Amino acid sequence: MAEKSYRDAIREAMMEEMDRDPNVLIMGEDIGVYEGTFRITAGMLKKYGPRRVIDTPIAEAGMVGTAVGMAMLGLRPIVEMMTVNFAIVAADQILNHAAKVRYFSGGQVDVPLVIRGPQGAGVQLSAQHSQTFESFYAHFPGIHVVTPGTPADAKGLLKTAIRGKDPVMFLESAALYGMKGEVPDDPDFTVPFGKSRVAREGSDVTIVSFSRMMQLSLTVADKLSKEEGIECEVIDLRTLRPLDMEPAYASVAKTHRAIVVQEQWKPFGAGAEIAASITETMFDELDAPVFRVTGEDVPMPYARNLELLATPHEEHIVRAVKRVMYRS
Amino acid sequence: MPKMGDAMSEGKVIRWYKKAGDPVRKGEAVLEIETDKVNLDLEAEADGTLGTIAVGEGQMAPVGGILAKILGEGEKADAPPATPAPPAAPVEEKPATAAEAKPAADGQSRRAIDKKDSIRHSTGEYGEAVDMKGPRTDRSIRHDQGNVVAMPQGGERHRSSPLARKMASEMGVSLDTVQGSGPRGRIVAADVKKISGGQAAAARSKSAMPALQQPAALETRQIPLSAMRRTIAKRLAESTGPIPHFYLTADFDVTNLTSVRQQLIDIEGAKLSVNDFMIRAVALALRHHPNINASWGSEAITQHGEIHIGVAVATPEGLITPVIRNADQKFVLEIAQEVRALAEKAKNRKLKPDEYQGSTFTISNLGAWGIEEFTGIINPPNSAILAIGAAEARVVVIDGQIVIRERMKVTMSCDHRVIDGATGAEYLRTLRQYVEQPLRLVV
């Protein structure tokens, strides 16, 4: 076990899998010679050469379309999106092809494709480059949606994605790239999809979250414990498709109150799905409505002060926790 | 306005889910009505567009009266009132509305109305467009405006969290006695916990009294008769007037029955009351005495071929008696579940007519209120009602010994036109055998 950054954990996962399986390759914009806009692919071109580390033109639909074809014929391509925002250009390839090929082929053809890249706000990239897409992709059957919130999960989940036989949207949090944490050294360390975890135990309120907002929830939980004696249980969903709600249900059975924290806008976001599932399944256990903490319903401003105002803040989570406890 | 029961002559419109001009589909709930016993959703009988609403929310309509029309394809929508009325206000009487409210005598009159509407359309008052501009009457929005929401007349709805309701039901605490501390008076788990100590103890020991709530200040006020209260008054007055009542009281030993009940609860984990056993006992005993399971008629007395037990249930609006059908053929656990489900529906006024009509015998149990004994008024066309008191430990003499036994008093009110004293007494003797030898009830 060694302390590594989220960024290095992702690079390590890819390089270990490229060492393990010659069919794994990576393609994307500025990932080779330039070594990646976020330095995720540093050193990879030198080590694996241009046949396996492919610099592409600025043509996301073409990149993903090419990768879908590669995957159908047995390769295991990873496509790096400079940010996940740019994958919208390739949405038809992702949602209408990658996610449908097995279904259309009657189960004969798999598409083992990983599309990965950073998303989210917090690094002043303004309205077009700060969005989060988990609910957009998780809406569609046929594709996995992964949202790691720790360096260890980033590595373990990415390895599961690369080894799997399904298309995966691997949504990294740009704001977590520098975050450090313990990461197992074992090259066969993987984290399975569809296994949510209890990131922090508590008895008073359940906070369901994922990715960066899960980290923010942990910070708030510690603060509330110290300052107010409120014990929050934080559930880290890890993957939104497949979605494992069982730990959240078990937690609600104990706390009888839940909030959901997401960076996305409120309408039709992942939090709505999670809150509705809790209400459908655990209705009789609830002592309060399930509240959502979300980003503000505006395009992300560039200005630092406005960007901070538009994204969920510790104080928002504190308010929601107190609201479900009837202490506000 | 459909006729939902023999006694129903008129009904009240509680609320419209749709407004004029809204599309409706066959089978979709269009409005809620209050009949003499229950609230019901009325469903559209055909696909189409809802025409002018003839009977506004809160207004009465006679059985057979027109509430609104569903316009088929090609039929023109009625123009909405110039300023759409708020939901509770009476509908403005306009010539077109009045004409619509009358059943169309023939196709011609309807065509005449259509023509009028199409002229109106051609002048630019396009129904839908006007409607879109009108004030919204979205029910979810009304809900958020706090105190301005008018409560339906009669019992006030408790706002309570699902957990609070579950806890209250498990602890046997009535939400009526709980003060809600949450937003808009919502009763939350903490409120139930606060009060449950006292109440649960009271439930365990009959001698302990529930905490007295601070009574509301006295005031003189008139409570308008609800349709339900009118029906109760009419039917019970009809009963004591023409029916010559007499009363038979018996004191049953229920020590064994309470023990069997406890064992069943332990084994099955089920919720079971003494009353559930009594429903089965009463039904089984009726099998032996078809002359009790009978109804008076001017030409003949009808003995019923099936045994349907009405169970009196108190609701905030008044008494209603959901019916356990063929109770002699059902297990106690089945009866218990059915009673619970029907009582819940009764409290929400969601009982359907076939769920509260057709009883052949009725029981009423005030044991839970600590009433030792009382007399019930016969629920026509039944010939008898059994009033059941509380089961409690009492000192009795058995074989010259003073012992403490669980005892319970029951009083049967009988219609003397159908049942004579001895006939009734024989029935109670049979009932006693079932109640005091409760294994007969569970085998």
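In the assembled protein chains, B:Ile371 presents an accessible area of approximately 60 Å² (probe radius 1.4 Å).
Sorting A:Arg52, B:Arg287 on solvent-accessible area from highest to lowest, probe radius 1.4 Å, gives B:Arg287, A:Arg52.
Centre-to-centre, using Cα atoms only, segment A:132-189 and segment B:219-272 are separated by 63 Å.
Beyond 28 Å, what share of the Cα-Cα pairs of chain A is found? Please give it as a whole percent.
Everything past 28 Å amounts to 39 percent.
Across segment A:2-183, Cα-Cα distances exceeding 23 Å account for 34% of all pairs. Equivalent ellipsoid of segment A:1-96: semi-axes from √(5λ) of the C-alpha gyration tensor, largest first, are 22, 16, 13 Å.
Protein heavy-atom accessible surface, 1.4 Å probe, per residue over segment A:203-328: 42 Å². One Cα centroid belongs to segment B:340-371, the other to segment A:15-63; the line between them spans 73 Å.
Between A:Asn305 and A:Arg39, what's the calculated FRET efficiency when r is the beta-carbon distance and R0 is 22 Å? Round to 0.05. For R0 = 22 Å, the calculated efficiency reads 0.20. When the alpha-carbon atoms of the protein assembly as shown are used, the pair Rg, Dmax equals 35.0, 108 angstrom. Shown for chain A: lysine pairs separated by 8 or more places, or found on different chains, whose C-alpha atoms are under 23 Å apart, numbering 27. With the alpha-carbon atoms of segment B:240-442 aligned to their principal axes, the span from lowest to highest coordinate is 52, 39, 30 Å, starting with the largest. Convex hull of alpha carbon positions in segment A:190-247: directionally averaged projected area 3.9 nm².
In this structure, B:Leu236 and B:Asn256 have a Cβ-Cβ separation that, at R0 = 41 Å, corresponds to a calculated FRET efficiency of about 0.70. Where in segment A:206-233 is the amide nitrogen less than 16 Å from a point lying 7 Å along the Cα-to-Cβ axis of A:Ala276? Backbone N within reach: none found. Counted over segment A:97-210 with a bin width of 5 Å, the fraction of Cα pairs per bin, in whole percents, is 2, 10, 18, 19, 20, 15, 10, 5, 2, 0.
Largest to smallest in accessible area, the residues B:Met60, A:Met82, A:Met282 fall in the order B:Met60, A:Met82, A:Met282 (1.4 Å probe, all protein chains included). Give me the percent of Cα-Cα pairs in segment B:258-309 that sit more than 18 Å apart, rounded to a whole number. Looking at segment B:258-309, the distances longer than 18 Å represent 48 percent of pairs.
If you roll a 1.4 Å probe over the protein assembly as shown with all protein chains in place, what percent of the accessible area is carbon or sulfur? Using a 1.4 Å probe with all protein chains present, the protein assembly as shown comes out at 54 percent carbon and sulfur. Ordered by 1.4 Å accessible area with all protein chains kept, A:Thr66, B:Thr362, B:Thr49 run largest first as A:Thr66, B:Thr49, B:Thr362.
Rg ratio for segment A:238-328: its Cα radius of gyration over 2.2 N^0.38 Å, N being its residue count, equals 1.16.
In segment A:277-316, burial by the other protein chains removes 50 Å² or more of 1.4 Å probe accessible surface, compared with the chain on its own, from A:Asp284, A:Asp287.
Between B:Met60 and A:Glu246, the FRET efficiency estimated from the beta carbon spacing at R0 = 56 angstrom works out to 0.60.
The values are calculated or read from the model by the stated rules, or taken from the named source; none is laboratory data. Being a predicted model, the structure only gives us computed values, none of them experimental. When we count neighbours, we look across all protein chains shown, and the Cβ atoms used for this are built from the backbone with ideal geometry, even at glycine. Quick note on the areas: whole protein, heavy atoms, side chains included, nothing else; ligands and nucleic acids left out. Shrake-Rupley method; radii C 1.70, N 1.55, O 1.52, S 1.80 Å.
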